[in-house]
1. What order do D73, D514 take when sorted by accessible area (1.4 Å probe), most exposed first?
2. I need the per residue convex hull volume for segment 145-195, using only the alpha carbons, in cubic angstrom as a whole number.
3. Given the options L421, A350, I395, identify the residue whose Cα lies farthest towards the positive end of the charge dipole of segment 335-436 (+1 on Cβ of Lys, Arg; -1 on Cβ of Asp, Glu).
4. Give the accessible surface of the chain per residue, rounded to a whole number of Å², with probe radius 1.4 Å and ligands, DNA and RNA excluded.
5. With the Cα gyration tensor of segment 460-559 giving a ≥ b ≥ c as the square roots of its eigenvalues, does the rule (a/c under 1.5 for rounded; else a/b larger than b/c for prolate; else oblate) give rounded, prolate or oblate?
6. Evaluate segment 179-297: find the radius of gyration of its Cα atoms, find its Kirkwood radius, and give the ratio Rg to Rh.
7. Let me spell out the model: positive unit charges on the Cβ of Lys and Arg, negative unit charges on the Cβ of Asp and Glu, origin at the Cα centre of the chain. What dipole size does that give, in debye rounded to 20?
8. Stretch T313-T626 to full length: gain in nm at 0.36 nm per residue minus the Cα-Cα span?
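The values are calculated or read from the model by the stated rules, or taken from the named source; none is laboratory data. Remember, predicted model here, so these are calculated numbers, not experimental data. Quick reminder, even Gly has a Cβ in these numbers, built from the backbone with ideal geometry, and neighbours come from all protein chains shown. Keep in mind that these areas ignore ligands, DNA and RNA; they rest on the heavy atoms of the full protein, side chains included. Shrake-Rupley method; radii C 1.70, N 1.55, O 1.52, S 1.80 Å.
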Amino acid sequence: RGDGAGLARRGGKMASTAAGKQRIPKVAKVKNKAPAEVQITAEQLLREAKERELELLPPPPQQKITDVEELNDYKLRKRKTFEDNIRKNRTVISNWIKYAQWEESLKEIQRARSIYERALDVDYRNVTLWLKYAEMEMKNRQVNHARNIWDRAITTLPRVNQFWYKYTYMEEMLGNVAGSRQVFERWMEWQPEEQAWHSYINFELRYKEVDRARTIYERYILFTLLVIVHPDVKNWIKYARFEEKHSYFAHARKVYERAVEFFGEEHMDEHLYVAFAKFEENQKEFERVRVIYKYALDRIPKQEAQNLFKNYTIFEKKFGDRRGIEDIIVSKRRFQYEEEVKANPHNYDAWFDYLRLVESDADAETVREVYERAIANVPPIQEKRHWKRYIYLWINYALYEELEAKASKRTRQVYQACIELIPHKKFTFAKIWLLYAQFEIRQKSLPLARRALGASIGKCPKNKLFKGYIELELQLREFDRCRKLYEKFLEFAPENCTSWIKFAELETILGDIDRARAIYELAIGQPRLDMPEVLWKSYIDFEIEQEEYEKTRNLYRRLLQRTQHVKVWISFAQFELSAGREESLSRCRQIYEEANKAMRNCEEKEERVMLLESWRNFEEEFGTDTTKERIDKLMPEKIKKRRKLQAEDGSDAGWEEYYDYIFPEDTANQPNLKLLAMAKLWKKQQQESEAAEMDPDKDIDESQS
């Protein structure tokens, strides 16, 4: 650098130090701007400064402050020193902390706060700075200020666990348990590490809040399940041991079971099963212990289960019995069924076998668990054929709860859940509704049974539901309800002849003949009937039973107007014969005459033959020789014929033989009868001529005679 520049800098510095607050004079202009002969670099300046720092300076003399003025002067010098250090290097946080602690030692809390705040503006991520700041406030009993600092710290740096620990500890020491709990809750929202959760749990246990501690464990396990933050076996074991320690053994068992289910077969750990087995052993559940050990040994590789096998051996030496082999077989079968249902959850036959095995050798909770797993596999397609096997899972479940577990409340819940699950708009199962109603009757809850059956008829009416409901009311002798149900039933299915007949029979039993007759009249007046012949027969039998023979005849006449079936005629004739009056034979014979005339144009000749045979049987029993001879003349001739067959595509399929009947009364068939008679005569003559040729001596004797 030039000499002029150096002199100007030195002169300016001397003037500023000497004069203090005096005005700095203007720097004179240097005329010689040539470079100096010896150049000084920045590196040389820094090295020289570093060397001079290492020189041992004599310690400052001890000074005794005797008045306020000297104290203020001391403070001014000291603060100036601190400020100079900070100005030299703002990023050295130790300078800020020393400065603030010095102010704190002078009880200048406000100044110390200001220094900490300035330091935080420089580096807000420095953990030590926040800790010293908060400790200063706590040391000086500034609780609200300390809370404010901790809130700012955990908001700014939520992943620094030390802030949370200090904050919760401070609140707990102050006796603010609710505030400490609130801080823990804020901490848990950040899903911290394992120790943070256990600190929260230990905090609750210190105040005997076992339920809260359980809730925290559940949340922790839930995070493990969903977020997979800490998928470690020891967390589950700690939770289970916590439940066991506080004598909540059922909860502890559920924790172990959930842990086994969570880790599955892909991440099985022997420590979990050993802890589970030891827990069951402490509860004297030796069978469960044996099942746990066998289950784990069947699935964990032997090289990874040395400790497990060792504990199992010790257990068997203590509590083993003769059933060990049987239990091994059962466990293997359970494993097979588990594999089957895992491979195909909708294999309901496998579920049935599995449930039978579990029901024979398991407690109620295990059986319920398997049933719940089975019924959770709802058929994916809403078609009845896919649901027929599935619905029996619900039926077996309900029967098990009622008969084996003796739990009527759970049985009712099972039936109701099944009914809610079935898509009744597409299809339904009358069996479920009827079983539910019968269950309610066994529980002496008749209103609930009627309500269930009424809901079934309203949602998805079926013949079987109506019949079951009506049968129930009949058993209860509620005949008015039966009438109403029959009316609803016939509105739903007017073509069902059985319903009409049962309704009429009910009225007959009750002695209301007119109502029964009116029901029959309504029934036969329906345009569509599924079994009209059964209905008419029932109506006719009803009138015969009431000995209303004229009405019975009228019914037969009305029926013959609709159909000319041969059985109707025969039944009519037999009715007249059984009437038991003098003119019954003549009436019966007259009906046979009418039937024969009516069926002359009938294409079904077999029916006409059936009528004539029935008539002949009648005449053989009650007729005279004249009537018998007459009926014999009416009987047809049976002949064999051939007809050509055709296949579906129209091609020839050969010839077929069949029997035909030729009736003497049919004038159109008279030529055929003459031809048939001539053929028979010719055949007889041919046979006689053949016989004469074979025996000529017989012919000679006949001629001589």
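1. Solvent-accessible surface, decreasing: D514, D73.
2. In segment 145-195, the Cα convex hull volume per residue is 69 Å³.
3. L421
4. 63 Å²
5. In terms of gyration-tensor shape, oblate.
6. 1.00
7. 7740 debye
8. 102.2 nm
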